[in-house]
Amino acid sequence: MKWDDVATQLDADGYAVLPQLLSTTDCAALRDCWGDDALFRKRIVMQRHGYGRGEYAYFAYPLPRHIAELRSSLYANLAPVANRWHEAMRFDVRFPPDHAEFIERCHRAGQLRPTPLLLKYGDGDYNCLHQDLYGEHVFPLQVACLLSEPHIDFGGGEFVLTEQRPRRQSRVEVVPLARGDAVVFAVNQRPAKGARGVHRVKLRHGVSRLRGGERYTLGIIFHDAA
């Protein structure tokens, strides 16, 4: 992975695609996790809470080895971007280079529940625009990995980002992904350059309505939940 290029795209657009982050075998193994209740701490039916339609499940600690390793390695490459963004937005918080140290910070603040999750969508399902904040300590980037093949396993179901800009209408971005691709994107705010210098823009993300089939996604959030 060319992380300098990833950082450049994140600075420009608030998101970046990580092509083929997961192999076909990895994607199949992660999809198969869905049926194993022992791996998860909680399952959510989205329409019961007004979140959209579909289901998702939060993994329990200890995380499956591959997910734990992926979470740590991605964090190590994204922490420099997170620190640069916080400096540009004049936030005091900085992030340590090691994910375990950041998780200790979350746990000391009472954010003890793991947040990596598996999402499953069927025909007609969708995910409303939202942000994954979960508590006081928020790492400003997160990752979604597509585990199903568009146009074969499912139709529709595009990953969508909106960016709310000061005194301007919101910008919408549809991010095309193939099976095994991931997208890293801003959890809440990111810095953007304007005529008067750097300002903050707010992002939300979601998934458009599925037009058939099944779509699985692995979500990797770097902070834990209160």
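At-a-glance table
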{"item": "Qualifying residue in the stretch 84-95 (condition: closer than 25 Å to Leu118 by Cβ, free of Cβ contacts under 8 Å to residues at least 60 places away in the same chain and either surrounded by 17 or more Cβ atoms within 10 Å (Cβ to Cβ) or in contact with a strand residue (DSSP E or B) (Cβ under 8 Å, 6 or more places away or on another chain) (or both))", "result": "no"}
{"item": "Some residue of the stretch 62-72 being of a type in the set (S, T, N, Q), open to solvent by 10 Å² or more (accessible area, probe 1.4 Å) and either at pLDDT below 95 or out of contact with any helix residue (DSSP H, G or I) (no Cβ under 8 Å at 6 or more places or on another chain) (or both)", "result": "no"}
{"item": "All positions within the stretch 55-66 that are free of Cβ contacts under 8 Å to residues at least 24 places away in the same chain and in a helix (DSSP H, G or I)", "result": "Arg65"}
{"item": "Within the stretch 99-126, tally of residues that are open to solvent by 80 Å² or more (accessible area, probe 1.4 Å) and over 19 Å from Ala57 (Cβ atoms)", "result": "4"}
{"item": "Options Arg190, Arg196, Arg171: the member that is touching a Pro at 6+ places or on another chain (Cβ under 8 Å) and either within 16 Å of Tyr121 (Cβ to Cβ) or basic (Lys, Arg) (or both)", "result": "Arg190"}
{"item": "Strands (runs of 3 or more DSSP E) contained in the stretch 67-185 and holding at least 3 residues within 18 Å of the chain's Cα centre (by Cα)", "result": "117-121, 126-130, 141-146, 159-164, 171-175"}
{"item": "Among (1) closer than 22 Å to Lys2 by Cα; (2) free of Cβ contacts under 8 Å to residues at least 40 places away in the same chain - the single one Leu218 does not satisfy", "result": "(2)"}
{"item": "Any chance Tyr58 is touching a Leu at 6+ places or on another chain (Cβ under 8 Å) and open to solvent by 60 Å² or more (accessible area, probe 1.4 Å)", "result": "no"}
{"item": "Tabulated pairs, the stretch 105-124, first touching a residue at least 12 places away in the same chain (Cβ under 8 Å), second open to solvent by 60 Å² or more (accessible area, probe 1.4 Å) and of a type in the set (Asp, Glu), C-beta under 6 angstrom, 6+ apart or interchain", "result": "Ala109/Glu136; Lys120/Glu55; Gly122/Glu214"}
{"item": "Leading residue by the ranking (most open to solvent (accessible area, probe 1.4 Å)) among those in the stretch 7-54 that are part of a strand (DSSP E or B), among the aliphatic types (A, V, I, L, M) and more than 30 Å from Trp85 (Cα to Cα)", "result": "Val45"}
{"item": "Any pair with Cβ under 8 angstrom, 6 or more apart, that starts in the stretch 169-192 at a residue that is closer than 15 Å to Leu74 by Cα and ends at one that is part of a strand (DSSP E or B) and aromatic (Phe, Trp, Tyr)", "result": "Val183/Tyr15; Val183/Phe159; Val184/Tyr15; Phe185/Tyr15; Ala186/Tyr15"}
{"item": "Among (1) open to solvent by 20 Å² or more (accessible area, probe 1.4 Å); (2) of a type in the set (Val, Ile, Thr); (3) under 19 Å from Ala88 (Cβ atoms), the one test that Val160 misses", "result": "(3)"}
{"item": "Among the residues listed as Arg165, Arg94, the single one being within 20 Å of Gln9 (Cβ to Cβ), basic (Lys, Arg) and either touching a Lys or Arg at 6+ places or on another chain (Cβ under 7 Å) or modelled with pLDDT of 95 or more (or both)", "result": "Arg165"}
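The values are calculated or read from the model by the stated rules, or taken from the named source; none is laboratory data. Every value quoted in this text rests on a predicted model; they were computed, and no experiment measured them. Reconstructed Cβ throughout: ideal geometry from the backbone, glycine too, with neighbour counts over all protein chains shown. These area figures cover heavy atoms from the full protein model, side chains too; ligands, DNA and RNA do not enter into them. Shrake-Rupley method; radii C 1.70, N 1.55, O 1.52, S 1.80 Å.
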